[in-house]
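Have a look at the structure below before the remarks.
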Amino acid sequence: MRPIETKIANFRFAIWHPLGHISGTMNFCRVLLSGFTVVLLPSGDLEPLMANIEKYRISVFTFSGNQARALATGDWEQRFNLKSLKYIRTGGSNVPENLLLAIKEKFKVPLKQVYGSTEFFQAIRVRHPLDTWQCFRPGNVGVPGPNVELKIANLVTGEAMPALAQGEICLRGPACFTGYLNNEAATRSTIDSDGFYHSGDIGFYNEDHCLFITDRIKELIKYKLYSLIPAEIEDFISRHEAVAAVCIVGVSHSIEGSYIRAYVEVAPGKTLTEQQLIDYVSGN
């Protein structure tokens, strides 16, 4: 047990993920083994979640990417007593940097981003967030755990990429699953001949060997010779003060692969024209 955890009295962890989901299974077992209290909730709806944080004086809760904007813009800290919170976690999908920073500022507690998969258990770990309050970097999900090898593979050649170069996140180690039940073809396409598990996620590592998640390979949009990452475009557009939410999709083109289409929700009380948005992105 990490020393920082033993100093926290009456630590209460809220779990709303289904226990059949890897997030529910992993968190439930880990929290119990750490000697903490588990508070099981029927759903991740923010209204009852905040009410239960106040009622049970919950120390930690996890949010997903589709909850991020509501979490960042809602008046939760004014409506509920959330002083029991020690830190907040997020994982499962990419969250724009501006929303992460807004959530961290709103709740005044450390924010921890986590990364993992059902096929490779606890491959990447982050130091306890109370140790890293001053050095939070959006997108940083931590470093490989013990006995875990990390490789960023070139999306075309499969060769290992150096620091700061983006590619597919590949992992190797004893925690990797052995294969998909009765599906050898899927197993071979996921675990290569060198024993590396191909996650299907795009990311990079920095000079400190910290892993950063960018997007999913299946979400890539091919435009001519370029591989465009929707999450990066969504992150940029969402920074506009008049944008409440944005979703980027690819629209097939007979010659040039796909064009990009942005579905944008205008923030309440704001105005935004199509041309204003085109001008905003044209310089980036």
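The values are calculated or read from the model by the stated rules, or taken from the named source; none is laboratory data. Quick caveat: nothing in here was measured; it's all calculated off a predicted structure. Note that we place each Cβ from the backbone using ideal geometry, even for glycine, and neighbour counts take in every protein chain shown. In case anyone asks, the SASA skips ligands and DNA or RNA and just uses the protein heavy atoms, side chains included. Shrake-Rupley method; radii C 1.70, N 1.55, O 1.52, S 1.80 Å.
Gap in Å between the Cα centre of segment 42-69 and the Cα centre of segment 201-228?
30 Å
Figure the gain on full extension for Lys108 and Tyr280 (residue separation times 0.36 nm, minus the Cα-Cα span) and round it to one decimal in nm.
Separation in residues times 0.36 nm, less the Cα-Cα distance, equals 58.8 nm.
Averaged per residue, what accessible area in Å² does segment 62-201 show with a 1.4 Å probe, protein chains only?
Details: 7190 Å² over 140 residues.
Here the per-residue accessible area is 51 Å².
Before anything else, pin down the relative contact order of segment 20-172: Cα pairs under 8 Å, at least 6 apart, normalised by residue count, whole percent.
On the way: 198 pairs, mean separation 22.6, N = 153.
Relative contact order, segment 20-172: 15 percent.
Can you give the extra length, in nm with one decimal, that the chain gains between Asn147 and Ile217 once fully stretched, where that is 0.36 nm per residue apart less the Cα-Cα distance? Don't skip to the answer; put the middle values down first.
Numbers: separation 70, 0.36 × 70 = 25.20 nm, distance 2.57 nm.
Value of the extension gain: 22.6 nm.
Given segment 165-284 reduced to its alpha-carbon atoms as identical point scatterers, what log10 I(q)/I(0) does the Debye formula return at q = 0.13, 0.15, 0.19, 0.23 Å⁻¹?
Taken in order of the listed q values, log10 I(q)/I(0) reads -0.72, -0.86, -1.08, -1.27.
Within the chain, what whole-number % of the accessible surface is contributed by carbon and sulfur, with the 1.4 Å probe and all protein chains included in the calculation? Let's see the in-between values first.
Numbers: 8280 of 15760 Å².
Ligands and nucleic acids excluded, carbon and sulfur reach 53 percent.
Please give the FRET efficiency for Lys86 paired with Ala245, using the beta carbon to beta carbon distance and R0 = 35 Å, rounded to the nearest 0.05.
Details: r = 29 Å, r/R0 = 0.83.
Approximately 0.75, to the nearest 0.05.
Under the rule a/c < 1.5 gives rounded, and otherwise a/b versus b/c splits prolate from oblate, where does the chain land using the Cα gyration tensor?
Since a/c reaches 1.5 but b/c is at least a/b, the shape of the chain is classed as oblate.
Mind giving me the nanometre distance, one decimal, between the label points for Arg57 and Asn154, set 7 Å out from Cα along Cα→Cβ?
Spacing of the two 7 Å Cα→Cβ label points: 5.8 nm.
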